[in-house]
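The values are calculated or read from the model by the stated rules, or taken from the named source; none is laboratory data. On a predicted model such as this, the values are computed, not experimentally measured, just so you know. Backbone-built Cβ (ideal geometry, glycine too); neighbour counts: all protein chains shown.
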Amino acid sequence: MSEKRAINRRKFLGAAAGTVAGMLTLGGYVPGSAQNQKSEEKSGGLIIRTLGRTGYKIPVVGMGVMNADNPELVHRAYELGIRHFDTAYSYQRGRNEEMVGKVLVEELKARDKVIIATKINIRPPQRSLPAQQIKDMHRRMIDESLTRLRTDYVDILYSHDVSDPEWLKNPALIESLVEIKEQKKARFIGFSTHQNMDSVIKTALELKVYDVILTTLNYSLFDYTDYLNTLKKAAAQGIGLIAMKTQCQQPWYREGQPSELRRFYEGPVLHSALLKWVLRHEFITCAVPGFTTFDQLNEDIRVMNSLDYTDEEKKFLEDKMVKTQMAAVCRLCGQCVSTCPARLNLPDLLRVHMYASAYGNLLQARETLEELGGKKAMAACENCSACTARCARGVNIGRRLEELKAWLV
Ligand code: SF4
Ligand code: SF4
């Protein structure tokens, strides 16, 4: 390691051990205020941003814990300065929350030094249940989550996986989340969205109920100007924005790409360049990459010190071939549904494929497929001699569904 890098690393670790603990503050809450949005500071070499009207000040890189099952990785992430940890009621059938609570709360005794977010997943078929049942489910699930997390509050509670704006407006959902917030079991409430993000977030802007949004943002969306403008408006309204799926972990790089791209993928450049691209949007407070190895963790945390591109990162992002391939990443937009005679829920099926192929998380893939109806969700494919579903962006839908069938059905 060069002397300069060694010094930077020491500064970084020093900050992680000391200064970061003092950064976690609750600012004054001013509804609808954008006063905190522009704030960015450096502390001990780390870039710190304020999470909208929550007032939480956190380093720009957090941890999406979903795919991780090694407590040592969570421990190391904390040691290296990560202070935001994102989990969910459903991840690993509750074991993910258990791990977060055991490491951060029980072992490290760091509850007051970290921002913990979890999510309650009321599945789409359950969203039309009577209001009382929806409320009872929320009450039960938040209590289970808090027990697993070994704490009496979470910092952020999301409604999980919102792609239909109507769900955000559901009075039973709003009353459930507000009740949990009033009971101080969650300090702030919000939702996560990976599909139809633009209209879902536009609806949230009208409702003015949700404090934080966990949303998909990555380089494949570089030309989705409407969505980027909507995110800017959300931040201006004081909503805290956290980005997920930042490194575009989709199989685009495996589908017969030339070795030049694979070289980028295999090296750290792809991760740091893609993460920086997301975080250079100032309306994003923090990203939650889902690293599962110590090497990936080390790649991601380098970004916490500087968002300046290196020459190699610039070269990667400007590479025409990379841009072309990025344009072919599935945006889960749903436009292909009309090209499938059976009108299958293709965006969700493609998301299951992403969990299995890109994340290597077969358990999450299986559970999500179960939520969609299991085998039945793809039964119609048996009647097609060849898949006619088409994507204007070039995603090979038929091939991905074949793979999905071979892996899970
Ligand atoms: S395959 Fe294409 S059309 Fe279908 S959801 Fe993905 S990006 Fe949209
Ligand atoms: S094979 Fe393709 S076109 Fe046929 S039902 Fe399945 S997704 Fe639709």
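Just to check your reading of the model, which residue among Y359, Y355, Y309 is without any contact (Cβ under 8 Å) to a residue 24 or more places away in the chain and within 21 Å of A243 (Cα to Cα)? It would help to see each step written out before you state the result.
Numbers: Y359 fails: without any contact (Cβ under 8 Å) to a residue 24 or more places away in the chain; Y309 fails: without any contact (Cβ under 8 Å) to a residue 24 or more places away in the chain.
Just a single option satisfies the conditions, and that option is Y355.
Just checking, does region 380-389 include any residue being surrounded by 13 or more Cβ atoms within 10 Å (Cβ to Cβ), more than 10 Å from ligand 2 (Cβ to nearest atom) and touching a residue at least 24 places away in the same chain (Cβ under 8 Å)? Walk me through how you get there before you give the answer.
Residues of region 380-389 that are surrounded by 13 or more Cβ atoms within 10 Å (Cβ to Cβ), as a first pass: 380-381, 384, 387, 389.
Restricting the remaining residues to those that are more than 10 Å from ligand 2 (Cβ to nearest atom) gives none.
For region 380-389, residues surrounded by 13 or more Cβ atoms within 10 Å (Cβ to Cβ), more than 10 Å from ligand 2 (Cβ to nearest atom) and touching a residue at least 24 places away in the same chain (Cβ under 8 Å): absent.
Is it the case, given these coordinates, that V288 is at pLDDT 85 or above, assigned by TED's automatic domain parsing to the domain that holds V162 and touching a His at 6+ places or on another chain (Cβ under 8 Å)? Even if it seems obvious, please write down each step before you answer.
Details: at pLDDT 85 or above: yes; assigned by TED's automatic domain parsing to the domain that holds V162: yes; touching a His at 6+ places or on another chain (Cβ under 8 Å): yes.
So V288 fits the description; yes.
If I filter region 195-210 for residues that are out of contact with any Phe, Trp or Tyr (no Cβ under 6 Å at 6 or more places or on another chain) and assigned to a strand (DSSP E or B), do I get at least one hit?
So far as region 195-210 goes, no, none of its residues is out of contact with any Phe, Trp or Tyr (no Cβ under 6 Å at 6 or more places or on another chain) and assigned to a strand (DSSP E or B).
Just checking, does region 387-395 include any residue being at pLDDT 90 or above and either part of a helix (DSSP H, G or I) or away from ligand 1 (no atom under 14 Å from the Cβ) (or both)? Outline the logic, then answer.
The first filter runs over region 387-395 and keeps only residues at pLDDT 90 or above, leaving 387-391.
Applying the additional criterion that residues be either part of a helix (DSSP H, G or I) or away from ligand 1 (no atom under 14 Å from the Cβ) (or both) yields none.
Among the residues of region 387-395, not one is at pLDDT 90 or above and either part of a helix (DSSP H, G or I) or away from ligand 1 (no atom under 14 Å from the Cβ) (or both), which makes the answer no.
Kindly provide the set of residues from region 369-386 that are at positive phi and either acidic (D, E) or not in a helix (DSSP H, G or I) (or both), ordered by number. Walk me through how you get there before you give the answer.
Step one: filter region 369-386 for residues at positive phi, giving 373-374.
Once the filter is applied, which keeps residues that are at positive phi and either acidic (D, E) or not in a helix (DSSP H, G or I) (or both), region 369-386 yields only G373.
Of the residues S128, S159, S145, S90, only one is of a type in the set (S, T, N, Q) and surrounded by fewer than 17 Cβ atoms within 10 Å (Cβ to Cβ); which?
Details: S159 fails: surrounded by fewer than 17 Cβ atoms within 10 Å (Cβ to Cβ); S145 fails: surrounded by fewer than 17 Cβ atoms within 10 Å (Cβ to Cβ); S90 fails: surrounded by fewer than 17 Cβ atoms within 10 Å (Cβ to Cβ).
Matching residue, one of S128, S159, S145, S90: S128.
Restricting attention to helices (runs of 4 or more DSSP H) lying wholly within region 301-368, give those where 2 or more residues are within 16 Å of ligand 2 (Cβ to nearest atom) and not assigned by TED's automatic domain parsing to the domain that holds C248.
Numbers: elements: 311-318, 320-327, 346-357.
Once the helices (runs of 4 or more DSSP H) in region 301-368 are filtered for at least 2 residues that are within 16 Å of ligand 2 (Cβ to nearest atom) and not assigned by TED's automatic domain parsing to the domain that holds C248, what remains is 346-357.
Given (1) surrounded by fewer than 21 Cβ atoms within 10 Å (Cβ to Cβ); (2) within 14 Å of ligand 1 (Cβ to nearest atom); (3) not in a helix (DSSP H, G or I), identify the lone condition not met by G398.
It is condition (3) that G398 fails.
Going by the conditions given, is E313 at pLDDT below 90 and surrounded by 14 or more Cβ atoms within 10 Å (Cβ to Cβ)?
Working: at pLDDT below 90: yes; surrounded by 14 or more Cβ atoms within 10 Å (Cβ to Cβ): yes.
Here the answer is yes, as E313 does meet what is asked.
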